[in-house]
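*Asks:* Structure below; questions to follow.
The values are calculated or read from the model by the stated rules, or taken from the named source; none is laboratory data. Keep in mind it's a predicted model, so treat the numbers as computed, not measured. A quick note on method: Cβ atoms are made from the backbone with ideal geometry, for glycine too, and the neighbour counts reach across all protein chains shown. Keep in mind that these areas ignore ligands, DNA and RNA; they rest on the heavy atoms of the full protein, side chains included. Shrake-Rupley method; radii C 1.70, N 1.55, O 1.52, S 1.80 Å.
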Amino acid sequence: MIADETLNGDLLADLNAAQRDAVETVDRPVLVLAGAGSGKTRVITHKLSYLAARCGYPPESLLALTFTNKAAREMRHRAVRLLGERAERATIGTFHAVGLRVLRRHSSLAGLRPGFVVYDVADQEAVIKRVMIDNDVDPQRIRPAAIANLIEQFKRRGLGPEEVSAGDWVGESGRAQSASEHLAARLYPSYERRMSAMNAVDFGDLLWRVVKMFMSYPLLLADYQRRWRYVLVDEFQDTDEIQGRLIRMLVADSERGSGAGLTVVGDDDQSIYSWRGARIENILNFPNLFDSAHIVRLEQNYRSTGIILEAAGELIARNRKRHAKRLWTSTAPGEKLSLCLCQSDREEAARVAALVRSEGVATPLNEIAVLYRTNAQSRLFEEALGRESIPYRVVGGIRFFERAEVKDVLAYLRLLVNPKDDIAFARVVNKPKRGIGPVTVGRLLELAGARGVGAFEAIPTCASAIKRGETRLRDFHHMLTSVGALQSHATALEVVKALFDRSGYLSQYLSHAGEDVEAQGRHDNLMELVSSVAEFCERAQDPSLKAYLDEVALLTHLDTMTEEEQRVTLMTVHAAKGLEFEVAIVSGLEEGIFPHSNSRLDEGGVEEERRLFYVALTRARKRVFITFAQSRRHWDELAYQAPSRFLNELPAGLVAIAPGSLSFKMGAERRSRDVDGDPEGIVPEVIEPCEGLTLEEARGRRVRHSSFGIGTIVGGREDCVLVDFPHVGQRSIMIRYLELLNS
DNA sequence: TCCCAGCGCCTTTTT
DNA sequence: GGCGCTGGGA
């Protein structure tokens, strides 16, 4: 085909030698080690197109797996640009979306009934909580979230309730099972029974059940192996055990031998999800698992300036567990990183806002990102930007689909699709108030449980046994059944409108509209939800309610990100992976925050935090600003922050201290002092003079020290005072190392 | 059954 | 500073 010839020319001409090697090698497994900004997505999309246009793979025989819907969408978009409309026939999706599609197609083989629903984390925790109560475990003492997490881990490791309760498995960290792992193992079978009774699956099921099904039905697996002749995997460093297994299964047919139809792309330096079960071994052991594997290194960076790359490279070189590599660029060195040292988190926020304002003069706001380690840090930035009237968007945090009123409506919809969904039933049965309280619900759940049916389904037969709530329950059942009947012919939008009409859910917020700001907000959110459903119905091939719920279940925080308007973006560093901006402002470079205090618990923790900082730095094309706050308010306590160790790991010559910063000793200077054998060990790196302090006024005053915390001055001389600290006792300290407190 | 005040916990990162 | 849970009172 002529069109193909043209495409082929473009396909390879666009690429550098290493990228071309990665694309052209199709006869054996390929591992692409792709540094930040080295054109990883470009390699995958080009290879996808190359396979179809040049190697005779029909598009429908190609499978590309990603982690986020956004990445999948981007990939599909770019493949269509390269290959034309037929790229749509390739399967491009997230692991979970593809898993769900496979399960839907073979639900009975997977041990599920048609119409099963996908539970999100909150639903899952609600189930766990009930299981805990059933098993006389106090949900107050052990958080259901912790148990949910552990059960998720079991599934990620391919362990079913049988294996786990048989006891022949080892704990995640080390050999022995911890107490909570033990408890999770005990509750696991009941949890699975409960989920199954409600015809529900959790996130982990979407992959684990597929793997299990493929193991039980080799012919089915063979079907999929024949269908997907070539598999491409993005962000391979983030794959976990079950994902690794799934990939290996898909490419393990005899014809392909040792996984010829497989290309994986990843960067061990950007592996930041080990806490979620990602196995770096998947990428490190790839050459051992596939002995004919071809390894391609992409080390030319097309994104950042020379200085940003050098600083990031110097930093990441301190990690021991990594493939040695060095990114390079042919572009100019650019500007130094700017380090802004602030007295407090409030000042940090104000200075970030000022920075956004000044940068925003020359740079579109869409090209500026404020990055932080934890979501909680976003609030101050939002307030400061709001005060300055700078438009911003927050990625993550409380997501639209996690808002209480939105979840209520989704629960209604789920109950319509699946009358066995007791979690959804319990959530909505009394919203708005219908006089059906916990007592009635509990009684009904008990009766339904005894019959092995869902609570909602049980109403017609069991309601008569519940004297007080009988009529109200029957009314509720009647109302919802009438809405549910629409499903056979109506779109999701029509069902939602009918639900709002008949349930009275919307009008509870309508009646207060105008006077009640909160109700107004909730009402707006419900309207937003209606738009989302309407938009879905226009776009989707299958506009049914079921299809809508499937899509919503797999949405992530990144997917609600809108890009039309000019706004500065606020997000966690994790959320920023894979994105790039002209300007990155990386905040909160403090011990305990970045690296996070919890990372000290396990051995590789600090290395992972360092990779995270590396990811943050390499998001920027042109300029990086780093901020530090000397004091930070947690809850209602003021915490004194030490500068992050990472600051001292940046080459001092590549960092400029921003004007107006606290005084600070940078890397080289500090290191040379360490070599001299400073007897104090930890020297305060941030020094703020205690100005205008005389001893008469000073006695009894409260002061703060960077290492010892808050203490009281009990004596001393002009420039050196004796301070009593609660934990370390009395110390003689130079006044200039102390901060005077007002109280 | 509903309402509200008071308390305790939270804060790592999310497919 | 917020959210969910709890317990007492209406």
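*Asks:* How big is the charge dipole of region A:19-64 about its Cα centre, in debye rounded to the nearest 20, if each Lys and Arg gets +1 on its Cβ and each Asp and Glu gets -1 on its Cβ?
*Replies:* Once rounded to the nearest 20, the dipole reads 140 debye.
*Asks:* Just to verify a number: what accessible area does A:Trp328 come out at with the full protein assembly present, 1.4 Å probe, Å² rounded to tens?
*Replies:* 130
*Asks:* Another question about this same structure. On a full-extension model of 0.36 nm per residue, what is the gain between A:Arg113 and A:Thr712, subtracting their alpha-carbon distance, rounded to one decimal in nm?
*Replies:* 208.9 nm
*Asks:* Ok, one more. At 0.36 nm per residue, minus the direct Cα-Cα distance, what do A:Arg143 and A:His478 gain on full extension? Give it in nm, one decimal, please. Each step should come with its number before you reach the end.
*Replies:* Working: separation 335, 0.36 × 335 = 120.60 nm, distance 3.69 nm.
Taking 0.36 nm per residue and subtracting the Cα distance, the gain is 116.9 nm.
*Asks:* In whole percent, how big is the carbon plus sulfur part of the accessible area of region A:50-206, probe 1.4 Å, protein atoms only?
*Replies:* Reported share for carbon and sulfur atoms: 50 percent.
*Asks:* Roughly how much of A:Arg502 is accessible, in Å² to the nearest 10, using a 1.4 Å probe?
*Replies:* Around 110 Å² of this residue is reachable by solvent.
*Asks:* Tell me the label-point distance for the pair A:Ala17, A:Ser597, using the 7 Å Cα-to-Cβ offset, in nm and rounded to one decimal.
*Replies:* Rounded to a tenth, the inter-label distance reads 5.2 nm.
*Asks:* Protein chains only, probe 1.4 Å: how do A:Lys155, A:Lys622 rank by accessible area, largest first? Don't skip to the answer; put the middle values down first.
*Replies:* Numbers: A:Lys155 0, A:Lys622 90 Å².
Heavy-atom accessible area, descending, gives A:Lys622, A:Lys155.
*Asks:* Local charge sum around A:Leu549 (other residues, Cβ-Cβ under 13 Å, Lys/Arg +1, Asp/Glu -1)? All intermediate terms of the calculation are to be shown ahead of the outcome.
*Replies:* Working: positive: A:Arg104, A:Lys407, A:Arg414, A:Lys546; negative: A:Asp120, A:Asp123, A:Asp421, A:Asp542, A:Asp550, A:Glu551.
Value of the local net charge: -2.
*Asks:* Under a no-solvent Debye model with one identical scatterer per Cα of region A:295-447, what's log10 I(q)/I(0) at q = 0.10 Å⁻¹?
*Replies:* -0.69
*Asks:* Right, something else. Round to a whole number: what % of the accessible area of region A:347-495 belongs to carbon and sulfur, probe 1.4 Å?
*Replies:* The computed percentage sits at 55.
*Asks:* What FRET efficiency, computed as 1/(1 + (r/R0)^6) with R0 = 35 Å and r the Cβ-Cβ distance, is obtained for A:Lys433 and A:Thr374, rounded to the nearest 0.05?
*Replies:* Using R0 = 35 Å, I get an efficiency of 0.40.
*Asks:* Per 5 Å bin from zero, what fraction in whole % of the C-alpha pairs of region A:237-372 is there, up to the bin with the longest pair?
*Replies:* Spelled out per bin, shortest first, that is 2, 8, 12, 14, 14, 14, 12, 10, 6, 5, 3, 1, 0.
*Asks:* What do you get for Rg/Rh over region A:191-311 if you use C-alpha atoms and the Kirkwood form of Rh? Please list the in-between numbers first.
*Replies:* Details: Rg = 17.7 Å, Rh = 16.6 Å.
Taking Rg over the Kirkwood Rh, I get 1.06.
*Asks:* Just to be sure I understand the model, the point goes 7 Å from the Cα along the line to the Cβ. What's the resulting A:Ala534 to A:Arg248 distance in nm?
*Replies:* 5.1
*Asks:* Would you calculate the separation in nanometres between label points at A:Trp328 and A:Asp223, each defined as 7 Å from the Cα along the Cα-to-beta-carbon direction?
*Replies:* 5.2
*Asks:* Charges on Cβ only, +1 for Lys and Arg, -1 for Asp and Glu, centred on the Cα centroid of region A:301-455; of A:Ile423, A:Tyr392, A:Cys342, which one is farthest towards the dipole's positive end?
*Replies:* Most positive-ward Cα: A:Ile423.
*Asks:* Here's another thing I want to ask about it. Going by the alpha-carbon gyration tensor, a ≥ b ≥ c the square roots of its eigenvalues, is region A:20-146 rounded (a/c under 1.5) or, if a/c is not under 1.5, prolate (a/b greater than b/c) versus oblate?
*Replies:* prolate
*Asks:* State to the nearest 20 debye the size of the charge dipole of region A:217-367 about its Cα centre, where the only charges are +1 on K and R beta carbons and -1 on D and E beta carbons.
*Replies:* With Lys and Arg at +1 and Asp and Glu at -1, about 240 debye.
*Asks:* Which FRET efficiency value, to the nearest 0.05, do you get for A:His182 and A:Arg105 by plugging their Cβ-Cβ distance into 1/(1 + (r/R0)^6) with R0 = 45 Å? Let's see the in-between values first.
*Replies:* Working: r = 37 Å, r/R0 = 0.82.
Plugging the Cβ-Cβ distance into 1/(1 + (r/R0)^6) gives 0.75.
*Asks:* Another question, if that's okay. Taking a probe of 1.4 Å, how large is the accessible area per residue of region A:353-402, in Å²?
*Replies:* With all protein chains present, region A:353-402 gives 47 Å² per residue.
*Asks:* What translational D, rounded to a whole number of µm²/s, comes out for region A:182-247 from Stokes-Einstein when the hydrodynamic radius is the Kirkwood one over Cα pairs, at 37 °C and 0.692 mPa s?
*Replies:* Approximately 233 µm²/s, per Stokes-Einstein.
*Asks:* Quick one: accessible area per residue over region A:199-316, 1.4 Å probe, rounded to a whole number of Å²?
*Replies:* Roughly 34 Å² per residue, with all protein chains present.
*Asks:* Identify, among A:Gly435, A:Ser330, A:Leu447, the residue whose Cα sits farthest towards the positive end of the charge dipole of region A:315-463, taking +1 on the Cβ of Lys and Arg and -1 on the Cβ of Asp and Glu, with the dipole about the Cα centre.
*Replies:* A:Ser330
*Asks:* If you take every residue apart from A:Gly35 with its C-beta less than 14 Å away from the C-beta of A:Gly35, what net charge results, scoring Lys and Arg +1 and Asp and Glu -1? Numbers along the way, then the final one.
*Replies:* Details: positive: A:Lys40, A:Arg42, A:Arg297, A:Arg303, A:Arg322, A:Lys325, A:Arg326, A:Lys577, A:Arg611, A:Arg619; negative: A:Glu235, A:Asp267, A:Asp268, A:Asp269, A:Glu299, A:Glu310, A:Glu580.
Neighbour charge sum, excluding A:Gly35 itself: +3.
*Asks:* Could you rank A:Thr712, A:Thr471, A:Thr627 by how accessible they are, 1.4 Å probe, largest area first? Show your work: numbers first, answer last.
*Replies:* On the way: A:Thr712 50, A:Thr471 95, A:Thr627 5 Å².
Descending accessible area places them as A:Thr471, A:Thr712, A:Thr627.
*Asks:* At 1.4 Å probe size, with the rest of the protein present, what percent of the exposed accessible area of region A:216-275 is carbon and sulfur atoms?
*Replies:* 55
*Asks:* Between beta-carbons, use under 12 Å as the cut-off and find the net charge around A:Ala17, counting Lys and Arg +1, Asp and Glu -1.
*Replies:* Within the 12 Å Cβ shell, the charges total -1.
*Asks:* If you don't mind, another one. What three numbers, in Å, describe the spread of the alpha carbons of region A:452-513 along their principal axes, ordered from the longest?
*Replies:* 37, 33, 16
*Asks:* Something else: Beyond a 29 Å Cα-Cα separation, which of these cross-linked pairs lie in this structure: A:Lys40/A:Lys212; A:Lys70/A:Lys407; A:Lys431/A:Lys467?
*Replies:* Result: A:Lys40/A:Lys212 exceed 29 Å.
*Asks:* For region A:333-376, what number results from the quotient of the Cα radius of gyration and 2.2 N^0.38 Å?
*Replies:* So region A:333-376 has a normalised radius of gyration of 1.28.
*Asks:* Per residue, how large is the accessible surface of region A:1-134? Use a 1.4 angstrom probe and give square angstrom.
*Replies:* 39
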